[in-house]
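The values are calculated or read from the model by the stated rules, or taken from the named source; none is laboratory data. The shown structure was predicted, so the numbers you read here are calculated from the model rather than taken from an experiment. Every residue, glycine among them, receives a Cβ derived from its backbone with ideal geometry; neighbour counts consider all protein chains shown. Heavy atoms of the whole protein, side chains included, go into the accessibility calculation; ligands, DNA and RNA do not. Shrake-Rupley method; radii C 1.70, N 1.55, O 1.52, S 1.80 Å.
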Amino acid sequence: GSFVALLGPSGCGKSTLLLMIAGLLAGTSGEIRLAGRPVDGPQTDVGIVFQSHVLVDWRDVLGNVLLQIDLRGLPRAAFLDRARELLRSVGLDQFATRPPYELSGGMQQRTAFCRALVHDPPLVLMDEPLGALDAMTREQLRADLERLWLATGKTVILVTHSIEEAVQLADKVVVISPRPGRIVREIRVDLPRPRDLEVCETSAFHGHVAEIKRIFASYGVL
């Protein structure tokens, strides 16, 4: 039920690790376990959000949320109410019948969040889902993402290269060195939630950000 951020510079292996956790990429050595079981192939009980929304234009918003349900041959009727509730929770219930190309970038990514959660997975993997958005939309979606996480109680692993984003969202920030990537620090972020503007202006928040910046500066990244 915790929110973990994998934080590191480009090319250090963050996204590779996420794909390995999902079973979409095989490791060369070692082992990954989910709920005590080795990951030896694609996992169907995880949700994945990519940097690009990867919505399909020939389906409306609701149809995109239900895409994996249809592809896996699951009964659509059993998931319709949940899909509509998720869309309502992110303010998209009035756009359920719109094609995704009529939505803004932020609305498209909110749809992708709903698609990742529609089958109620215990684990959600997010690969820089806010990275392609403008600054204002990114701030809005950070709040949406935290609110969705607080409401659902999922375990979330977020890949990001934004220090402020990691500290704002995560319970634990896993700091990864430049390539070849190694975990160099695990930082617990014990700040009150929701982490709104008031929390993000505190000395404790800035202290975490400064600590992480010093780590990256020691590697010549900053």
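Observations on the structure shown:
- Residue match in segment 40-57 (condition: over 19 Å from the mean Cα position of the chain (by Cα) and within 24 Å of residue 148 (Cα to Cα)): yes
- Looking only at residues in segment 168-217 that are more than 18 Å from residue 6 (Cα to Cα) and small (Gly, Ala, Ser), the one that is surrounded by the most Cβ atoms within 10 Å (Cβ to Cβ) is 204.
- Leading residue by the ranking (farthest from residue 141 (Cα to Cα)) among those in segment 170-198 that are of a type in the set (A, V, I, L, M) and touching a helix residue (DSSP H, G or I) at 6+ places or on another chain (Cβ under 6 Å): 175
- Residue match in segment 114-126 (condition: at pLDDT below 90, on the phi < 0 side of the Ramachandran plot and open to solvent by 20 Å² or more (accessible area, probe 1.4 Å)): no
- Looking only at segment 27-37, residues that are loosely packed, with under 11 Cβ neighbours inside 10 Å and more than 25 Å from residue 114 (Cβ to Cβ) come to 7 in all.
- Selected residue (criterion: least open to solvent (accessible area, probe 1.4 Å)) from residues of segment 47-99 that are among the charged types (D, E, K, R) and part of a helix (DSSP H, G or I): 70
- If you go through segment 155-166 and keep only what is under 15 Å from residue 114 (Cα atoms) and surrounded by fewer than 21 Cβ atoms within 10 Å (Cβ to Cβ), you end up with nothing.
- Condition check for residue 40: acidic (Asp, Glu), modelled with pLDDT of 95 or more and either surrounded by fewer than 19 Cβ atoms within 10 Å (Cβ to Cβ) or assigned to a helix (DSSP H, G or I) (or both): no
- Filtered residue count, segment 173-212, keeping only those that are over 22 Å from the mean Cα position of the chain (by Cα) and touching a residue at least 24 places away in the same chain (Cβ under 8 Å): 3
- Failed condition for residue 134, given (1) acidic (Asp, Glu); (2) at pLDDT 90 or above; (3) closer than 29 Å to residue 210 by Cα; (4) open to solvent by 80 Å² or more (accessible area, probe 1.4 Å): (2)
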